[in-house]
Amino acid sequence: MFILFYYIFVSTKRDMAKLQKSIDKRNALVRATIELVNNNGFHAAPMSKIAKMANVSPATIYLYFENKQDLVNKVYLEVKSSFTDYAFKTYTDDMSIKDGFELIWKRIADFKLKEREEAMFLAQCDNTPMIDEPSRNEGIKHLQPLLDLWERGKKEGVIKNFSNYILYAYTINPLSFLMLMQNRGVFQLTENHIQEAYKSAWNSIKV
């Protein structure tokens with residue numbers, strides 16, 4: 001009985017170690033993809049280069065991703081999920097429109113400041129045809145709490161009856177520009193700037 005228990009324990013431990021190693025390799029590939037795309041763009045980030053940076057063999061990358069399109073789409077959706085999980089973590093749909101928007105907007109700003117690599121990668125994804133339409137549509141679903149808040153705001157007469165794309169362009173896209181300027185070292189965001197940017201965003205969409 002003891003021998004059987006020991007065998008099961010050792011086998012389980014070995015399997016868990018293999019699983020963790022596999023997870024580590026995949027995470028390394030995801031990080032390498034983000035770094036290479038941010039530094040060189042999508043077209044200068046071939047699978048072979050990503051594998052080399054992740055310190056895995058070129059063949060190994062295909063155990064996790066079918067091709068570059070599959071890799072880029074999946075990394076995009078994973079980063080998008082991480083971004084929106086952070087943005088909506090403390091939001092509840094019983095908040096007022098103004099309070100809910102302020103909380104979400106400021107958490108988005110906080111994410112972009114703290115997770116610059118991921119935020120920059122998402123900005124790159126927004127401006128490339130590399131992300132296919134099914135993945136873009138899936139990415140939009142991650143924003144549903146914000147979209148629902150806007151729809152509620154329109155019905156209550158609190159938010160202008162604009163397309164959600166226009167609302168996003170007025171309120172969220174400016175953050176990406178500010179983060180880009182900060183990353184280039186030409187502008188330093190302070191708490192006052194964040195508050196000013198929030199007020200500008202809210203004033204641009206409130207009725």
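The numbers here are math on the coordinates, done by the rules we state, and not lab data. Fair warning: this is a prediction, and the values are worked out from it, not measured in the lab. Please note: Cβ atoms are built from the backbone with ideal geometry, for glycine as well, and neighbour counts cover all protein chains shown.
For the pair Asp99 and Asn127, a Förster radius of 41 Å applied to the C-beta separation gives a FRET efficiency near 0.85, rounded to the nearest 0.05. Sites listed here are GluC sites (Glu not before Pro) in region 72-180 whose DSSP assignment is loop and whose Cβ has at most 16 other Cβ atoms within 10 Å: Glu115, Glu156. Extending 7 Å from the Cα toward the beta-carbon at both Ser82 and Ala44 defines two label points whose distance is 2.3 nm.
Restricting attention to region 59-150, which trypsin sites (Lys or Arg not before Pro) occupy a DSSP loop and are surrounded by at most 15 other Cβ atoms within 10 Å? Walk me through the numbers before you get to the answer.
On the way: sites: Lys68, Lys74, Lys80, Lys89, Lys98, Lys106, Arg107, Lys112, Lys114, Arg116, Arg136, Lys141; in loops: Lys89.
Passing sites in region 59-150 are Lys89.
Counting every other Cβ atom within 10 Å of each residue's Cβ, Ile194, Ile97, Ile61 order from fewest to most as Ile194, Ile97, Ile61. Full extension of the chain between Phe162 and Met53 yields a length gain of 34.8 nm, computed as 0.36 nm times the residue separation minus the alpha carbon distance.
If R₀ is 41 angstrom, what is the calculated FRET efficiency for the pair Met181 and Glu138, using the beta carbon separation as r and rounding to 0.05?
Numbers: r = 30 Å, r/R0 = 0.72.
In this case the efficiency is close to 0.85.
A Gaussian network model of the chain, with springs between Cα atoms under 10 Å, assigns the largest mean-square fluctuation among Ala44, Ala87, Ala109 to Ala44.
Distance between the modelled labels on Asn27 and Lys206, one decimal in nanometres: 4.2 nm (7 Å Cα→Cβ projection). When the listed pairs Lys106/Lys141; Lys114/Lys155; Lys25/Lys74 are checked against a 27 Å cut-off, the alpha-carbon distance exceeds it for Lys114/Lys155. The chain has equivalent-ellipsoid semi-axes of 38, 22, 16 Å, by the square roots of 5 times the alpha carbon gyration tensor eigenvalues, sorted largest first. Note that region 190-204 has calculated 3J(HN,Hα) couplings of 10, 4, 4, 5, 4, 5, 5, 5, 4, 4, 5, 5, 5, 5, 6 Hz, one per residue in order, obtained from phi through the Karplus relation 6.51 cos²θ - 1.76 cosθ + 1.60 (θ = phi - 60°); glycine and proline are x.
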